[in-house]
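All remarks here apply to the structure that follows.
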Amino acid sequence: MIDTPYPELNDLLVMMGAAGKHLADIEASEGAAGNISVCLRWQIEPRNRFPVMDEIELPQPVPELAGATFLVSGSGRRLREFIDEPTASIACIVVNDGGKTGKLYTSPHRRFERVTSEFNSHLAVHYDQICSSGTNFHAVIHAQPIHVTYLSHIPRYQDEQHLNTHLLRWQPETIINLPEGIGFIPFRVPSSPELMAANVESLRRHRIVVWAKHGVMARSDVSVKRAADRVEYAETAAKYEYLNLCDGEMGEGLSADEIRQICKTFNVQQSIF
Ligand SMILES: [Zn+2]
């Protein structure tokens, strides 16, 4: 939830650009991998930056989100380039009454045909979260951080409890920032309805979820940068875990008791350790 004064369209585009650049900087978005969307429920005027209008059908009906605005990355666009010319890579969608269709606002300089092919998952997660929490702002990021993704190829890390007890043990901050831990979805074909449904379910219980053999999806109802931070916390944890594997597992990590002491001190509710 965001309080007034609400960020303006240009501020949101700058924040999406900064998050995109940071994801590229931490090697979570090679080439055109990854995508970002935000949903806001206050009024903005899209036509100054996005004067071209088309009608589109939404991937699923979202009647409760009539009037809501989405900023969504375009298919095939590079996250690292959003910051230079955001309207070349980002579209704006305002949901029509009834929630089945929307107005797609874009720039005449846009360099994409369609919004990201993962928009079905983005929209479903926004819809589920906004309907359950009533937030007026929600950000979703899909990225492909190398170490988290690599670990998702190793069978024992495909168990959610194993994944969490091994990744959340390297720094005190990790459990504080990801108290529900990291969700895990077995391999699902990109853009598929199966991946969409699994995202909705897992992101009800977690702030970030691993897509096996592909990447992660993270959310935040505070800012797009906060969602990017969650990708970075998970990736840093996975980097420690990878280092430890390469080093013959010499590190002991924080013990379960030490992590419980941290949680007690910082008043963190968790059920992993
Ligand atoms: Zn991907």
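Coordinate-derived values only; no laboratory data. Since this is a predicted model, take the numbers as computed values, not measurements. FYI the Cβ positions are ideal-geometry reconstructions off the backbone, even for glycines, and counts take in every protein chain you see.
Let's test the formula: R0 of 35 Å, r as the Cβ-Cβ distance of residue 252 and residue 11. What FRET efficiency results, to the nearest 0.05? The pair residue 252/residue 11 has a calculated efficiency of 0.20. The alpha carbons of the range 169-215 occupy a box of 36, 21, 12 Å along the principal axes, longest dimension given first.
Could you tell me how many degrees, from 0 to 90 and to the nearest 10, lie between the Cα long axis of helix 193-205 and the main elongation axis, the longest principal axis, of the Cα atoms of the chain? It works out to around 60 degrees. Once Lys and Arg get +1 and Asp and Glu get -1 on their Cβ, which of 93, 143, 125 lies farthest toward the positive end of the dipole of the range 9-145? Most positive-ward Cα: 93.
Principal axis analysis of the Cα atoms in the range 193-273 yields extents of 41, 33, 23 Å, listed in decreasing size. Rounded to the nearest 20, the Cβ-based charge dipole of the chain about its Cα centre (Lys and Arg +1, Asp and Glu -1) stands at 340 debye.
The orientation-averaged projection of the convex hull spanning the C-alpha atoms of the range 143-189 amounts to 3.6 square nanometres.
For the chain, please report how many Lys pairs fall under 21 Å Cα to Cα, leaving out neighbours fewer than 8 apart on the same chain.
4
A Gaussian network model of the chain, with springs between Cα atoms under 10 Å, assigns the largest mean-square fluctuation among 248, 98, 17 to 248.
Taking 7 Å steps out from each Cα toward its Cβ at residue 27 and residue 269 produces label points 3.8 nm apart. Computed from Cα atoms, the angle from the helix 119-133 axis to the main principal axis of the chain rounds to 80 degrees.
Okay, helix-only estimate at 222 nm for the chain: each DSSP H run of n ≥ 4 adds -39500 (n - 2.57), divide by all residues, round to 500 deg cm²/dmol; what do you get? Mind showing how you got there, number by number?
Values: 9 runs with 102 residues, N = 273.
Rounded to the nearest 500, it is -11500 deg cm²/dmol.
With a ≥ b ≥ c the root eigenvalues of the C-alpha gyration tensor of the range 103-192, is it rounded (a/c under 1.5), prolate (a/b larger than b/c) or oblate?
On the way: a/c = 2.28, a/b = 1.65, b/c = 1.38.
It comes out prolate by the Cα gyration axes.
Principal-axis analysis of the Cα atoms of the chain puts helix 224-246 at an angle of about 30° to the longest axis. Dimensions of the range 151-251 along the principal axes, based on C-alpha atoms and rounded to the nearest Å, stand at 41, 30, 19, largest first. Can you bin the range 1-142 into rounded, prolate or oblate? Criterion: square roots of the alpha carbon gyration tensor eigenvalues sorted a ≥ b ≥ c, rounded for a/c under 1.5, prolate for a/b above b/c, oblate for the rest. Because its axes are fairly even, with a/c under 1.5, the range 1-142 counts as rounded.
Between 209, 62, 125, the Gaussian network model of the chain with springs among Cα atoms under 10 angstrom shows the greatest mean-square fluctuation at 62. Translational diffusion of the chain was estimated from the Stokes-Einstein equation, with Rh taken as the Kirkwood radius over Cα pairs; at 20 °C and 1.002 mPa s the coefficient is 113 µm²/s. Computed over the chain with a Gaussian network model linking Cα atoms closer than 10 Å, the most mobile of 141, 26, 208 is 26.
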